Amino acid sequence: MTQPGRTEDAALVLFSGGQDSATCLAWALARYPRVETVGFRYGQRHAVELECREPVRQALAGERLGPDHVVDLTATIAGLGETAMTADIAIEMGQGGLPNTFVPGRNLLFLTCAAAIAYRRGLRRIVAGVCETDYSGYPDCRDDTVKAMQLALNLGMQRRFVLETPLMWRDKAATWALAMALGGNVLVDVILERTHTCYLGNRTERHAWGFGCGTCPACQLRAQGWERWVAAGRPASGPVRDLS
C-alpha cells in the first residue's frame, strides 16, 4: 500500500546516529523507494554517535535502504575555532545569546556536502532533522535558513532538490510520537537503546529516555520530551508501517 506523500523520488538522509535523525530515517524509508544516508565527522566530543549509526541502520535495514556515506569535516570545522561541541570546555551561553555548543556554519556545511552527494547519486530529496520548535537556539535549524539553503543549492548546482524537514514544527514529545506512529515499540526501542544524543558522549548512564549524562542541553531536551509524551498517555503500540 502506498504511504501518504510517497513519490518515486530517492532520498538522502542526514543521519548522525541520534534520536531526531533516526526518526527522520524511518520517516524517509516509509515514503521513498530508495534511501541513502550521510554522516559527518567533525571533531565532535560525542563522536560515539558515529558508532551508533550502523547499528541503527541495521535495525531499520530493508530493500529500500541504500549505501551510507561519511564525510570528514574535522579539519574544516576545527579551523573555524573551538566550541563546546568540539572541545572539552564547559557548556554555557555565549555571546549574542547563543549557547557555546553552536558550531557556526556546521549545518550549512552539512547541507552543502549532502547536496553534492545527492547530485552525484541522483537523489532529489534531502532529509534533515533540524527543528525550530524545540531546539537549542541554533539559527541554522530554522525554517527560513533551510528554505534559503534550498534556493541557494538549487541555483548553485542547477538541480531541483527538495530539503525535507519532517521535525521542523514538532517538539521532542511529538518526535517520540512520530517514531511510535512509524514503527511502533520496535522503533521506539531502537531509538532508546541504540541512538545517541548526549553532547558529552556519555553512554554509561541509562535513563528512561535512553543513554546520556542527563544534564547537558541535548539530554534535557530528550528527557523532557519523553516525560511529556509519557504524561500525555504514550500508547502501548503504534500503527507500525512497513519500513523494509
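The values are calculated or read from the model by the stated rules, or taken from the named source; none is laboratory data. Fair warning: this is a prediction, and the values are worked out from it, not measured in the lab. No Cβ is skipped: glycine too gets one built from the backbone with ideal geometry, and neighbour counts run over all protein chains shown. Quick note on the areas: whole protein, heavy atoms, side chains included, nothing else; ligands and nucleic acids left out. Shrake-Rupley method; radii C 1.70, N 1.55, O 1.52, S 1.80 Å.
Determine the pairs where a residue that is farther than 11 Å from A116 by Cα and open to solvent by 30 Å² or more (accessible area, probe 1.4 Å), located within the range 152-163, has a partner that is in a helix (DSSP H, G or I) and not small (G, A, S) with Cβ atoms under 7 Å apart, the partner being 6 or more residues away or on another chain.
R160/N154
Go through the residues of the range 37-49 one by one and say whether even a single one is under 15 Å from L123 (Cβ atoms), among the aliphatic types (A, V, I, L, M) and either buried (at least 22 other Cβ atoms within 10 Å of the Cβ) or touching a residue at least 40 places away in the same chain (Cβ under 8 Å) (or both).
For the range 37-49, residues under 15 Å from L123 (Cβ atoms), among the aliphatic types (A, V, I, L, M) and either buried (at least 22 other Cβ atoms within 10 Å of the Cβ) or touching a residue at least 40 places away in the same chain (Cβ under 8 Å) (or both): present.
Need pairs with beta-carbon distance below 9 Å; first residue surrounded by fewer than 13 Cβ atoms within 10 Å (Cβ to Cβ) and within the range 52-74, second of a type in the set (A, V, I, L, M, F, W, C) and not in a helix (DSSP H, G or I); sequence gap 6+ or separate chains.
As it stands, the answer is G62/L243; V70/V38; V70/F40; D72/F40, since those pairs meet every condition given.
So, in the range 195-220, exactly how many residues are open to solvent by less than 30 Å² (accessible area, probe 1.4 Å) and aliphatic (A, V, I, L, M)?
So the answer is 1.
Residues are listed down the side, and each one gets a yes or a no for (1) in contact with a Lys or Arg (Cβ under 7 Å, 6 or more places away or on another chain); (2) at pLDDT 85 or above; (3) assigned to a loop (DSSP other than H, G, I, E, B):
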position: H46; (1), (2), (3): no, no, yes
position: M85; (1), (2), (3): yes, no, yes
position: I89; (1), (2), (3): no, no, yes
position: T112; (1), (2), (3): no, yes, no
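Any idea which of R234, R194, R170 is closer than 22 Å to P55 by Cβ, out of contact with any His (no Cβ under 7 Å at 6 or more places or on another chain) and of a type in the set (D, E, K, R)?
R194
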